[in-house]
1. Filter the stretch 102-125 for residues that are hydroxyl-bearing (Ser, Thr, Tyr) and part of a helix (DSSP H, G or I) and give the result.
2. Restrict the check to the stretch 341-359 and report whether at least one residue is farther than 30 Å from Asp262 by Cβ, assigned to a loop (DSSP other than H, G, I, E, B) and either at pLDDT below 95 or of a type in the set (D, E, K, R) (or both).
3. Please count how many residues of the stretch 60-91 are under 21 Å from Ala20 (Cβ atoms), under 19 Å from the mean Cα position of the chain (by Cα) and of a type outside the set (Gly, Ala, Ser).
4. When only residues in the stretch 6-39 that are in a loop (DSSP other than H, G, I, E, B) and under 22 Å from the mean Cα position of the chain (by Cα) count, which is modelled with the lowest pLDDT?
5. Mind checking whether some residue in the stretch 345-352 is polar (S, T, N, Q) and free of Cβ contacts under 8 Å to residues at least 40 places away in the same chain?
Amino acid sequence: MRRFGWIFTVLLATSPAWAAQNITVEQLKALLTTDQQAKKTDADVANDLKQVVLTEELTTPVMNDFAPLVPGSATLEQIYVLEAKSAVLPPPAPDIPTAPAPDAATQKALLDKAMDYASKTYAQLPAVTATKTTIRFQDSVSAMAVPGNHSGITADPRMAIDAQSIHYINTTPTPINIRNGIEDNPLVKDKTPWGSNGYIALLGQGPVLSTVLQEANAADKLAWLRWENVNGKTAAAFSFAVDKKKSHYAVNYCCFPEADQDGNIKGWSNYKATIPYHGEIFVDPATGIVVRLITESDFKTSDVIHKEDQRIDYLPVAVGAKTLVLPSKSIINTEVVPTGDSGGGKSGSRHTLFTSEYKSYQAGS
């Protein structure tokens, strides 16, 4: 059976801006099956997928099962978009373990192990380096032709792009450092003209596992959620919320236009804030290791940032003679007002998805 890899060439045709329809993963499978039986073209199937929004997580195993129903790269691209947009949702009910919730004492013991792991193990991790390869998807902008150098991904500038749908933009491999479980963000020193080039850059540090658990514990809003299968094993999921007074979650987005009284752009500035957030943690019940972290930022409706949902998956990685549990994949779903607070008003939103893989871990210094 053909399996999904991070390999596709962008091939899209324009489509009407129809209202999106909420569907389940099973309904998505039915749609793909019906389109295959109707012998629809790759472009037509991709256009059908642009009109739907998933109400459940599209997991990697299910994506692999869909492979025989995918007629080409344009459809595959939209499946990756659906995966990223649904990353923080619960999976379909049949995929959720049916074991009963543990009693209160067992829940507390699980959380205690997770807190102990986050503060005494993850926060004390040795320095490592890695390559973080990020695929950017975005709407409301023409695709850039950037040479693909991750698993053969490329953008084809000859093809028409439907700017109203979320589509593949580019792929960027970046060397990173992780020290004490905290990822250094190299974009701080980047000279790319973010904002004026039609794109945003996330310069904030992002969620730090040890800090998130500490703040969630201090907020006293940790609660049992469900069992869930993560990386092929059953994990205990807990929800949490952190208000602004207890939060150290700092965001830094570049860039938004500054306009004069006549509406002329006179410069570009970052949006910086410390924000409240909520989310979920997924704990290996045997070890207390956190295998997944979800954070959803709680912006005000008046903010130029409307959404920043993140999911980070962690897996054991061989680094020299040691085995360390480190980030393996992250997905970020953002919604911003590209005009910022300028005279252009807040009439439109731009959606950008970032899907990243971490590879080639090595010991750092």
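The values are calculated or read from the model by the stated rules, or taken from the named source; none is laboratory data. In this text, all values refer to a predicted model and were calculated from it rather than measured experimentally. No Cβ is skipped: glycine too gets one built from the backbone with ideal geometry, and neighbour counts run over all protein chains shown.
1. First pass over the stretch 102-125, keeping only residues hydroxyl-bearing (Ser, Thr, Tyr): 106, 117, 119, 121-122.
Scanning the stretch 102-125 gives Thr106, Tyr117, Ser119, Tyr122.
2. From the stretch 341-359, those farther than 30 Å from Asp262 by Cβ are 353-359; that's our starting set.
Now restrict to residues that are assigned to a loop (DSSP other than H, G, I, E, B): none.
Checked against the condition, which is being farther than 30 Å from Asp262 by Cβ, assigned to a loop (DSSP other than H, G, I, E, B) and either at pLDDT below 95 or of a type in the set (D, E, K, R) (or both), the stretch 341-359 yields no hits at all.
3. We begin by selecting, within the stretch 60-91, every residue under 21 Å from Ala20 (Cβ atoms); these are 62-63, 66, 69-70, 74-91.
In the following step, the residues that additionally are under 19 Å from the mean Cα position of the chain (by Cα) were identified as 62-63, 76-91.
The next check asks that each one be of a type outside the set (Gly, Ala, Ser); those that pass are 62-63, 76-83, 85, 88-91.
Matching residues across the stretch 60-91 total 15.
4. Taking the stretch 6-39 and keeping what is in a loop (DSSP other than H, G, I, E, B), we get 6-8, 10-20, 24, 38-39.
Those still in the list that are under 22 Å from the mean Cα position of the chain (by Cα) too: 6-8, 10, 20, 24.
Values: Trp6: 39, Ile7: 35, Phe8: 37, Val10: 30, Ala20: 76, Thr24: 97.
The selected residue is Val10.
5. Scanning the stretch 345-352, I find at least one residue that is polar (S, T, N, Q) and free of Cβ contacts under 8 Å to residues at least 40 places away in the same chain, so the answer is yes.
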